[in-house]
Amino acid sequence: MPTPANAINNSIDLLGWPHTIGGGGRRKNSSRYSSWRTEVEVKIKAKGWQWKKDAGNSYDAFLLECIGQEDFPSSGAAIIRQNPKTDDTKLAHKALNELMLDCFKKVGESRNKWRRAAAREDLATEAGKDRKRQGSGYRMPTFKAGRPVVIYILNPDNQVHHPKAANWNWNIGGVKKLAVLYQPSLNDLHIKVSTHLPDGRKVREIVGALNNAEDATDVFLAPTDVTHIRSDDELDAFLRLSDAKPIKLLVILHRDPAIRANTPPPQGSNINTYYFNLGRFDGPEYYVDELENSDEEVAKQAGSRKGVPRKDHKFEQTLEDFRRRIRHQQRLLASMKEKHKAAFPEAIHESDAGGKLRVKCYGQEDKLSGKQVVRFREVIADYIMDLAARLEANNGLQTKAEMRAAALAKIKADINGGVTYAHLNLPETLE
């Protein structure tokens, strides 16, 4: 059971952390105390200690390490470093002991909670109640004791963070954050760092160190073996395979477009799988089609058949209803296109070169799914390259219209022949 709150609060005040009193007289401790406490608990978990006595002769050195953290008040640290047996220092040492004991208790409770959860899961499995066997779907693996990680949030526009191309600084104290991952989830990882991201900046890539830096003189402490992490499976494998101590992750931001555009991915990479797009970690965004959902419109659409008007003014009213709905849908369409282009700027959109190729291949009323449309972008990219090559080699032998027709015919033949684009699993095009 944790130490009583009044003893903890008295210890916090005595060691020099501030606090505020909010509405209803509720006390709120300093965020620096919360940060210090989290780092201490992470260190205890990393060392595998169950209780203070497990540290043995190392405890005094560990205590000095804890009070040396930047979030520990310098005034309190100065007193702790003095002789603990004098009247001037006894109270401060007792206060620190209260906080340390409470940290050990919280870590122990956390371990016991995960043990109980594991025992319940084992019993469920033995009883044949495993959800996975019942077809309830994928269940994410968990790390019962947690995986402590060190996270560096790096800004590619900052030369200290990114001294030169392909080089990152793995040794910056000011951007270092500590966290414990209990399951290999990119979304959970993002939640832990999201409050530390600069306003308006988004995560572009995550890089993990598979080993420690071999060159101790390297000021950047760059590991020799790193991996890009783009999925939960890759994060799971990384946390299990990494030999780095501690486990290190770089969270690299998208560049500020006002300063410089993002660096393209390595040649041959699909940008949307190599880097995270701007909206990857955004929460769901909703829109309301007020016209289509209005009581008036729902009532009009309730019948399956609608009679053709017989009077002039009724024709005009019906035509105006159609025009009103079209104008409204056109505004929604334009807004959605803007959002799509902002979220996936590297994709080929309808307004881009080759964007009309889908209509030429499948007609106005095609039945392509969203996934098939994304796959079809590969065809568009090849079409543009093929057409550019034909234009360069033409020497005036064909008109541009003839060359476009020839390139389009080749693309259709490759799709329908199932050779070049067989892996895309696209339907046959129109003749």
> If you check LEU63, LEU91, which single one turns out to be within 16 Å of LEU14 (Cα to Cα) and in contact with a helix residue (DSSP H, G or I) (Cβ under 8 Å, 6 or more places away or on another chain)?
Replying inline: LEU91
> Taking into account only those residues within the range 228-243 that are surrounded by 21 or more Cβ atoms within 10 Å (Cβ to Cβ) and of a type in the set (A, V, I, L, M), which is nearest to LEU178 (Cα to Cα)?
Replying inline: LEU235
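Would you check which residues across the range 51-69 are touching a residue at least 12 places away in the same chain (Cβ under 8 Å) and open to solvent by 60 Å² or more (accessible area, probe 1.4 Å) and list them?
If the condition is that a residue be touching a residue at least 12 places away in the same chain (Cβ under 8 Å) and open to solvent by 60 Å² or more (accessible area, probe 1.4 Å), then TRP51, LYS52, LEU64, GLU65 are the ones that fit.
Quickly run through the range 395-404 and pick out the residues that are surrounded by 13 or more Cβ atoms within 10 Å (Cβ to Cβ) and assigned to a helix (DSSP H, G or I).
Passing the criteria: MET403, ARG404.
Need a quick list: helices (runs of 4 or more DSSP H) entirely within the range 302-393 having at least 3 residues that are of a type in the set (S, T, N, Q).
Passing ranges, in order: 312-343.
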> When the range 213-262 is examined, which residues are found to be among the charged types (D, E, K, R) and either within 20 Å of GLY146 (Cα to Cα) or touching a strand residue (DSSP E or B) at 6+ places or on another chain (Cβ under 6 Å) (or both)?
Replying inline: ASP232, ASP233, GLU234, ASP236, ARG240, ASP243, LYS245, LYS248
>> open to solvent by 90 Å² or more (accessible area, probe 1.4 Å) and either closer than 30 Å to ASP256 by Cβ or modelled with pLDDT under 85 (or both): is that true of GLU378 in this structure?
In response: no
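Residues checked against (1) surrounded by 14 or more Cβ atoms within 10 Å (Cβ to Cβ); (2) in contact with a Phe, Trp or Tyr (Cβ under 6 Å, 6 or more places away or on another chain); (3) at pLDDT 85 or above:
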residue	(1), (2), (3)
GLN330	no, no, yes
PRO345	yes, no, no
ASP352	no, no, no
GLN372	yes, no, yes
ASP386	yes, no, no
ALA393	no, no, no
ALA409	no, no, yes
LYS412	yes, no, yes
ASN416	yes, no, yes
> Is it the case that the range 402-410 has a residue that's within 41 Å of the chain's Cα centre (by Cα) and closer than 28 Å to PRO345 by Cβ?
Replying inline: yes
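Quick grid of which residues meet (1) modelled with pLDDT under 90; (2) over 26 Å from SER35 (Cβ atoms):
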| position | (1), (2) |
| --- | --- |
| LYS144 | yes, no |
| HIS196 | yes, no |
| ARG230 | yes, yes |
| GLU234 | no, yes |
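The values are calculated or read from the model by the stated rules, or taken from the named source; none is laboratory data. These numbers come from a predicted model, not from an experiment. FYI the Cβ positions are ideal-geometry reconstructions off the backbone, even for glycines, and counts take in every protein chain you see. Remember, those area values only see protein heavy atoms, side chains included, never the ligands or the DNA or RNA. Shrake-Rupley method; radii C 1.70, N 1.55, O 1.52, S 1.80 Å.
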